[in-house]
Structure formats: C-alpha cells, structure tokens
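Data first, discussion second: the structure below is written as structure tokens.
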Amino acid sequence: MNAPMLMRNWLPVTAIFMLLLAVANRAGADSFQGSNDTETLTTTVLSQINITESGTQKLNFGMFVAGTALNYITVSPAGVRTFTGGIKLLGSGASADLFTVTGDTSNPSFSITLPGSAVTLTSGSYTMTVDTFTSTPSGTGTMSSGTLNITVGARLNVGANQHAGAYTGSYTITVAYH
Amino acid sequence: MRIGWHITRIFAIGSLVLVLGVARHAWAANSTSGTITATALTAISVVESGTQHMNFGMFVPGTVVDTIVLTPAGARSNPGGHLLLPGTGAQADLFTVTGDTNNPSFSITLPGSAVTLTSGANNMTVDTFTSTPAGTGTLSSGTLNVTVGATLHVGANQVAGSYTGSYTFTVAYQ
C-alpha cells in the first residue's frame, strides 16, 4: 500500500476523531491541533448560555392608587419604586425582575436585549403599558464562575383614574454570547 | 503523499467548522419570559352614617364647668359629677370607610383642636376626639366602620338649647 492510499483510508477515521474532539470540547476550553504539523487550529466551544427567571422575584409595580391624569411608576433594577404626579403608592411589594444567566466557566461576556417597545398588561378588559426597560448590568454582562444575575426594571404607564384591578403581562429578555 | 495530506487537512478543517457552526447556532443565545404585575387599587372614601351621628344626649348643666365624655363605643360619662344625664339618646359618630378589596391600611385623622357647637348666640366646645380604630385602620373585604367619640365642655349654668356643630374626619391610604 502506497502513501496516498494510506491517507485516503484514514480520511473517515480522522473526520470522526475531529467530530468527537469538538463535541468533547463543549464542557470547557481546550485546544485542537490540526493534522498538519505546520498549522495549528485553536478554538473554544462554550457551554450553552441559559437564562431563567427567578421563581419568586418578578417585576412587580406593587399596589397604588391612580391619579386623575396619566402618570408613571418606575421600578429601578435595584427595586426602588418612584412615581410622578398624583399617584399614591401603597405597600412594600414592589420588586425588580431577577434572572439568572448561566454559561461557560471561561466567563465570556454576553449581550442583554430588553424589549424595545411597550408591552401591555391586562386586567380583564382594562390595560396598562410598560416601557423603558432597564437592567443591571446594562447592555452587556460578564459571567463570574459561569453565572450572573440580572435585575430588570421598567416604567408603568398609569392612566387617569386607571380602573382598579390586578394587571399582568410578560416580556422577553434575551442573552447572547458576543 | 502531499495530495493525501492536503485532502486530509481540508476535510478535517471542514468538519471542525461544521461542528462549531452548529454549536454556535444552538448555544450562543437564549431567551426567557419575564413576568410583570401591577395592582391598581380602588380609591378610598368615607361616608357618615345617615342615622348615627355624634350625640351627647340630654343633660342638665351644673353651677360649675364640667365635661361629658363620649367614648367611640357610645358610652357617656360625667367625670366631674356636676351634671345630670337623663335619657338614652347619646351615641358615637359612625363612619363607613370603603376602598380596595386588597384591604390596605389607612390613616384616620380627627380634629386636633376644638370645634364649636352653637345654639343661637350660645355655644359650647367639643375636643379630644377619639376613634375606634384609632390612628390607623385596615379594610376588611374593602370596607371598615369607624366610630368617633369626643369630650363636650359644658359651661356653668349653660343656657338651655339644642347645640349643633360639625367637624372633619379624614381617611387616607398609607
């Protein structure tokens, strides 16, 4: 058997080996050396990035009494609630949304995308809107030990004499490796 | 020999890029849904009972100043002991506070100074307003009754007559 024939026979074996090596690299950083001595390929396959909302801490604007004109309640990513105009804030149940991002222990940075337009909360046939979403960290996060918490606040538009009720809604938060 | 090496290398790189491409697509981004809640409350209001108003009842004045104390429970007393208190018409004021069925607490504000009752040109004063509950209340099924008593100051030989006056009772969500 001559040399070219030998290499042709090795082709499928090499390909399978490369596939296995790439899959094995998923769990962490590793290097891969190409089959040619004069050229080395190094790459890192990262663990999947995941995001989950806390089971207990959601975005909650708490209890309030509407004023006689359109006004706003803002919950900061730190959970601090402020208001404008004739709104009366009640109780202490307001909170920012809490998400946990998990990913690779090489602690890559990732982008955070919040809604760019308003979302609607409903209570029966009544509605309010939420906009101006903000997060901490904002825009970009960097994992620590493969994880990072993100808190999200936003602004609630409370209509004049907003009808009483428990309003609910949802929005989408997206994280992505750079 | 050289051709074989090159084919192997190109194929190997192609395999790796393919795997990486799939991996990046599946793992590089993730989204989830955030939950938002907000609770708008029914405004608070208060109305006085149509039938049960504050009433110190009938009394006969003495020759010295004295007081009649009316409790939020409607019990009447004359701590000085110089008055006669005939009849049974005395009663505390009754207010019904209505608000949200989330049953928030609210503050109760009574007059901090005396109010004047008049009967023609004659007058008496009422002060030391007290309520049950006092200071703050908590709605139950969106409502709560508040009763109010006070202290009537009766002058020496207070001129007979039917004396009336009014005061302001305020509730506000806390």
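The values are calculated or read from the model by the stated rules, or taken from the named source; none is laboratory data. Small disclaimer: the values here were computed from a predicted structure and weren't measured. Note: ideal-geometry Cβ built from the backbone for every residue, glycine included; neighbour counts use all protein chains shown.
Assorted remarks:
Yes or no, residue by residue, for (1) farther than 14 Å from A:Asn60 by Cα; (2) of a type in the set (Val, Ile, Thr); (3) assigned by TED's automatic domain parsing to the domain that holds A:Val65:
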| site | (1), (2), (3) |
| --- | --- |
| A:Ser95 | no, no, yes |
| A:Val130 | no, yes, yes |
| A:Gly141 | yes, no, yes |
| A:Ser144 | yes, no, yes |
| A:Ile150 | yes, yes, yes |
| A:Asn157 | no, no, yes |
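- Considering the range B:59-174, the qualifying strands (runs of 3 or more DSSP E), each wholly inside and each with 2 or more residues that are under 30 Å from A:Gly165 (Cβ atoms), run over B:93-98, B:105-109, B:136-138, B:143-154, B:170-173.
- Yes/no for B:Phe56 being of a type in the set (Phe, Trp, Tyr) and within 14 Å of chain A (Cβ to nearest Cβ): no
- Some residue of the range A:103-113 being among the charged types (D, E, K, R), in the same structural domain as A:Gly79 (by TED's automatic domain parsing) and under 14 Å from A:Leu46 (Cβ atoms): yes
- Any hit, the range A:124-132, residues being closer than 21 Å to B:Ile44 by Cβ, at pLDDT 95 or above and not hydrophobic (A, V, I, L, M, F, W, C): yes
- Residue within the range B:100-108 that is surrounded by 13 or more Cβ atoms within 10 Å (Cβ to Cβ) and either more than 23 Å from the chain's Cα centre (by Cα) or free of Cβ contacts under 8 Å to residues at least 24 places away in the same chain (or both) present: no
- When B:Val171, B:Val154, B:Val159, B:Val126 are screened for being surrounded by 13 or more Cβ atoms within 10 Å (Cβ to Cβ) and under 30 Å from A:Leu89 (Cβ atoms), only B:Val171 passes.
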